[in-house]
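Colleague: I am attaching a structure below and will ask some questions about it afterwards.
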Amino acid sequence: MRRLLLVLATFAYALAFHASPMPRYRTCLTNHAHESWHSQVSSDPSAVDAVEELFEGLVVDDDRPKLTFLFVSQAHGKEFESIVQSVYAKLKGNSRLISILSGGVVGGNVELDEPTKPSMSLLTGVLPEQTDFELFYFNELTKAPPDPQSPYWKTLVGNQEHRSSIVFVDPWSPFETILEGLSNNKAVVVGGISVPSGVGPTVGIDGKVLPQGSIVGVCFRSGIGLQAIVAQGCTTVGPSYTVTACEPHCILELDGKPALAVLEEMANSASEEEQKKISSSLVCGIASPDQEDYLVRQIIGFVPNKNGIAIGDSVKVGDKFQFHVRDRTAAQSDLSLMMKRAKTERLFDENIGKPVAALQISCVARGRGLFGTSNVDLESIQGLLDGRGPVGGCFANGEIGPVGIAGFSSTNDEGAYLHGFTTVAALICDYSDVAKDAVDDKGTTVDEPADAWG
């Protein structure tokens with residue numbers, strides 16, 4: 001119930017921001033320097049024609065190992081199974097496919113962020129010969145995941161330096177178990193929650209869609225690794241508090257005062273501009289006592305008879321708490337900061353890897369609904385790639401990633417979290433010997449210091 005409430009609240013909130021018409025896009029093959037990865041997109045209302053457009057110009061009939069991600073908007077929900085089957089049949093050869101039903105797609109140099117408008121995108125690439133990877137899936141009822149402490153996770157993740165994982169889950173799946181199992185073994189983890197269309201399947205592996213309550217993912221043990229960036233979309237309002245009384249999903253007291261009374265006091269002391277945002281976009285941040293950064297969560301209701309605030313996550317006495325509001329300026333600022341931080345990390349990373357593509361997983365409440373214009377997140381991620389590969393992805397009902405950045409030499413890559421109102425960007429990096437030789441020959445593949453600082 002907690003996961004369902006969180007997802008429904010996030011999705012209902014995001015829909016209010018998508019009112020302007022979306023133009024029609026035909027497929028666009030990205031022509032980046034790294035020719036082994038491509039991103040395609042189509043907004044054709046016909047699912048059959050859209051699949052045909054996705055494959056215009058693609059070479060799929062060789063036997064090199066490939067990995068493909070298929071992102072399908074909620075408007076195609078009833079046809080999701082047939083779309084997955086058609087795409088997998090067209091891939092041929094030695095190719096694996098991961099699919100997700102989403103609230104909009106990213107690909108071909110454009111964000112299509114309206115879940116009610118038909119769209120789909122494809123991100124596909126050839127993997128280095130040295131790549132050791134494995135696709136996996138679980139289901140709440142038919143194939144439950146092992147306990148997070150099980151040795152299975154260490155075997156799945158491996159022990160190489162750049163171990164990473166991409167996971168897509170539906171709202172009813174036991175995704176907390178998977179995230180904990182992967183995080184326990186220090187993998188860089190990114191992904192997102194699907195946007196259901198009724199009660200049908202929302203994720204798929206190869207040519208099969210999986211029943212409700214499923215998770216699909218891929219683990220990279222060597223050859224390929226991820227560098228992940230999470231950009232927030234909210235800003236704090238009012239002071240920070242400590243949770244002094246609570247139930248699992250309801251805050252009863254903050255700093256020893258009734259939670260609703262604290263909210264009223266905070267709102268009354270806020271500026272006029274802050275009060276407008278509080279009335280329309282109030283959320284909250286939760287952090288354990290030893291954490292500096294907050295995880296943003298939905299406020300899903302109030303409990304007047306207990307003076308409580310119900311939130312979309314579990315909470316414990318001693319947790320830090322602070323009210324937040326969605327904020328365009330803060331989102332743009334944090335996006336810029338995170339991208340500059342990632343560029344700087346790459347400047348001083350001894351084993352930077354060669355970026356070949358990037359995944360973008362954005363909250364359904366971002367895009368035009370937040371920024372007033374399209375492609376803000378996408379253009380920042382393309383700037384981070386600096387023309388070295390395509391970007392593909394989707395708008396999700398929750399984003400999975402680290403706090404801040406992960407996958408760089410100076411970062412501690414423990415922890416994968418469910419986020420809200422964020423954009424998760426993941427550079428797909430080639431760490432094979434061939435890529436290392438190319439980096440050594442050229443001296444560097446990163447931006448010059450002046451560019452890294454904007």
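The values are calculated or read from the model by the stated rules, or taken from the named source; none is laboratory data. Owing to the predicted nature of the structure, the values given are computational and were not obtained by experimental measurement. Positions of Cβ are backbone-derived with ideal geometry, glycine not excepted, and every protein chain shown enters the neighbour counts. Remember, those area values only see protein heavy atoms, side chains included, never the ligands or the DNA or RNA. Shrake-Rupley method; radii C 1.70, N 1.55, O 1.52, S 1.80 Å.
Colleague: Ordered by residue, what ³J(HN,Hα) values in Hz, to whole numbers, does the range 297-310 give under the Karplus form 6.51 cos²θ - 1.76 cosθ + 1.60, where θ = phi - 60° and Gly and Pro are x?
Modeller: Values, residue by residue: 9, 6, 8, 9, x, 10, 10, x, 5, 10, 6, x, 10, 8 Hz.
Colleague: Right, here's the next one. Could you give the nm distance between label points at Ala144 and Gln130, where each point is 7 Å from its Cα heading toward the beta carbon?
Modeller: Roughly 4.1 nm, to one decimal.
Colleague: How big is the dipole moment of the chain about its Cα centre under a simple scheme where the beta carbon of each Lys and Arg is +1, that of each Asp and Glu is -1, and everything else is neutral? Debye, nearest 20, please. Spell out each step's value before the answer.
Modeller: Details: 36 positive and 56 negative charges, 174 e Å.
Around 840 debye, computed over the chain.
Colleague: Going from most exposed to least, what order do Lys340, Lys320 have by accessible area with a 1.4 Å probe? Please report the intermediate quantities before stating the final value.
Modeller: Details: Lys340 75, Lys320 50 Å².
Ranking Lys340, Lys320 by accessible area, largest first, yields Lys340, Lys320.
Colleague: If I ignore ligands, DNA and RNA and count only protein heavy atoms, how much of Met339 is accessible to a 1.4 Å probe, in Å² to the nearest 10?
Modeller: 20 Å²
Colleague: HN-Hα J couplings of the range 227-238 from phi, Karplus 6.51/-1.76/1.60, θ = phi - 60°, integer Hz, Gly and Pro as x?
Modeller: So the J values, rounded to whole Hz, are 10, 10, 9, 10, 10, 7, x, 10, 10, 6, 9, x.
Colleague: At 222 nm, what helix-only mean residue ellipticity would the chain give, in deg cm²/dmol to the nearest 500, using -39500 (n - 2.57) for each DSSP H run of four or more? All intermediate terms of the calculation are to be shown ahead of the outcome.
Modeller: On the way: 12 runs with 119 residues, N = 454.
Dividing the helical sum by the residues of the chain leaves -7500 deg cm²/dmol.
Colleague: OK, next. Hey, if we sort Glu52, Glu247 by accessible area with the 1.4 Å probe, largest down, what's the order?
Modeller: Listed by decreasing accessible area, they come as Glu52, Glu247.
Colleague: When the Cα atoms of the chain are enclosed in a convex hull and the volume is divided per residue, what value in Å³ results? Kindly include the intermediate steps, with their values, before the conclusion.
Modeller: Details: hull volume 62.0 nm³, N = 454.
Per-residue hull volume (Cα only) is 137 Å³.
Colleague: Keeping all protein chains in position, work out how much accessible area Thr329 exposes to a 1.4 Å probe, and write it in Å² to the nearest 10.
Modeller: For Thr329, the solvent-accessible surface is approximately 100 Å².
Colleague: I've got another one for you. Could you report the accessible area of Tyr88 in Å², rounded to 10, computed with a 1.4 Å probe on the protein chains as they sit in the structure?
Modeller: Here the accessible area works out near 80 Å².
Colleague: Continuing with this model, one more query. Could you work out the local net charge near Leu370, counting Lys and Arg as +1, Asp and Glu as -1, over the other residues with Cβ closer than 15 Å to its Cβ?
Modeller: On the way: positive: Lys277, Arg326, Arg328, Arg366, Arg368; negative: Glu111, Asp113, Glu114, Asp327, Asp334, Asp377, Glu379, Glu399.
Neighbour charge sum, excluding Leu370 itself: -3.
Colleague: Please give me the summed charge of the neighbours of Ser121: other residues whose Cβ is under 11 Å from its Cβ, Lys and Arg +1, Asp and Glu -1.
Modeller: Numbers: positive: none; negative: Glu53, Glu111.
Charge balance in the 11 Å sphere: -2.
Colleague: Next question, about the same structure. Taking the Cα centre of the range 283-342 as origin, work out the dipole magnitude from +1 charges on Lys and Arg Cβ and -1 charges on Asp and Glu Cβ, in debye rounded to 20.
Modeller: Details: 8 positive and 7 negative charges, 32 e Å.
Here the size comes out at about 160 debye.
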